[in-house]
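Here is the structure we will look at, set down as structure tokens.
FYI, it's all coordinate maths here, none of it is from the lab. Computed from a prediction, not measured in an experiment: that's the story for all the values here. Neighbour counts run over all protein chains shown; Cβ positions are idealised from the backbone, glycine included.
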Amino acid sequence: MPKLNAPGGWHLGNTLRYARDSRDEIGAWSWDAASDRAFADTYVAHLFNVDPVDAEVGLPVAAYVASIHPADRRQVLAAFRKDAQEGRPYLFEYRVRSADGVTRWVLTRGRFFCNHRGQPVSGRGIIVDITRLRANRDGDGLSDTGSDRSTSSLDQAAAAAIAAYQTLGALNDRELTSRAEALLNQIGRRLAAQELTERRRRLS
């Protein structure tokens, strides 16, 4: 399972201070079914209050679950396990307690993959900090966002952008990696905005 580290010791969203100063916050994750370990970049590590080095080499899923808000934890994990078992797209909004002690809303979006026997093999996706968007919404509950969870063109673009970001790590080219990060940020914005539009449509 490849690490999600960027070249030259530079990482996407290197600190939460950097993230707070940025307009958009997004990170990448992947999951290996055989070991039940999740791999994440530094930004995701800070969101979930885990060590960034450990996150790069892989941590048990339970290490990330521990930082999910207690009221959201069981439902988020149940959806993760169910979607992984069925090889479905994963889409969920929930709260996490970050390294700086702040509770943030995140949108996790990804896809799981199964082998020819229908057994889960892996998964990968992105996590978007949607705290600002949630501040403009009514209600505080978590959300399994999807009546329609099929893989859209935007989901496919996100998967391709993540793959490009990971592959560029081997080139040690900061400029290309920065461009890949910018693309991920743009896609993350679109995904978050799309989800907000869908939510408003369903509530109207």
Could you order the peptides 75-85, 39-49 from most to least packed, using the average number of other C-beta atoms within 10 Å per residue?
39-49, 75-85
At R0 = 35 Å the Cβ-Cβ FRET efficiency linking residue 74 and residue 175, nearest 0.05, sits at 0.20
Residue span residue 115 to residue 157: 0.36 nm per residue of separation minus Cα-Cα distance leaves a gain in nm of 12.9 nm
Label model pair residue 86, residue 57: point-to-point distance (7 angstrom along the Cα→beta-carbon line) in nm is 3.7
Expressed in angstrom and ordered largest first, the alpha-carbon extents of segment 50-94 along the principal axes are 30, 25, 14
